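Working notes, structure below.
The values are calculated or read from the model by the stated rules, or taken from the named source; none is laboratory data. Because the structure is predicted, anything quoted here is derived from the model rather than measured. Backbone-built Cβ (ideal geometry, glycine too); neighbour counts: all protein chains shown.
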Amino acid sequence: MDNTKLSKVERIKDESSYLRGTIEEELQQDIPFTEDNAVLLKAHGMYQQHDRDQRGGQKVHSIMIRWHIPAGQISAVQYLVLDDLATRYANNTIKLTTRETVQFHGLIKGEVKAMLQEIHQALITNQGACGHLLACARWCARRN
């Protein structure tokens, strides 16, 4: 594909091996994600953040994961899974949004993969939770 007319974000997606980038490798490292992978994280329902309460020092990076809750409804069992995961991984906090999503803040990179596996076992998804679903669908359509 001719990527001379693409925006920076679209170029990153186009060169990312189907939105993979090097996210898996960077999850193993105790450093912030590169700029390119930070862009790709959004397609996977995640954002790289830093703790704004850590004033005056070096930025403390963490991950926010947003889970999509179709029609804003989850079962009691799914809620218990969310509650357990928030306790173990996400500073004991579940943030409900007005866009049928649940957010967990403060995750460290080394725990992201385990949390994703557990949440998917409860049949809750993070795909499209960061508003990138349409952009990803358009990108995939261009690739084919």
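Against the list (1) modelled with pLDDT of 85 or more; (2) surrounded by 18 or more Cβ atoms within 10 Å (Cβ to Cβ); (3) within 18 Å of the chain's Cα centre (by Cα); (4) under 18 Å from Asn126 (Cα atoms), the condition Leu19 fails is (1). Taken over region 24-38, the criterion of being at pLDDT 90 or above and hydrophobic (A, V, I, L, M, F, W, C) is satisfied by Phe33, Ala38.
Listed conditions (1) in a helix (DSSP H, G or I); (2) out of contact with any strand residue (DSSP E or B) (no Cβ under 8 Å at 6 or more places or on another chain); (3) of a type in the set (A, V, I, L, M); (4) crowded, with 18+ Cβ neighbours inside 10 Å are all met by Ala38, apart from (2).
Might you let me know whether region 26-48 holds any residue that is hydrophobic (A, V, I, L, M, F, W, C) and farther than 25 Å from Ser7 by Cα? Yes: region 26-48 contains one or more residues that are hydrophobic (A, V, I, L, M, F, W, C) and farther than 25 Å from Ser7 by Cα. Candidates are the residues of region 73-111 that are charged (D, E, K, R), under 30 Å from Glu25 (Cα atoms) and in contact with a helix residue (DSSP H, G or I) (Cβ under 7 Å, 6 or more places away or on another chain); the one that is surrounded by the fewest Cβ atoms within 10 Å (Cβ to Cβ) is Glu111.
Once region 91-107 is narrowed to residues that are hydroxyl-bearing (Ser, Thr, Tyr) and not in a strand (DSSP E or B), the residue that is modelled with the highest pLDDT is Thr93.
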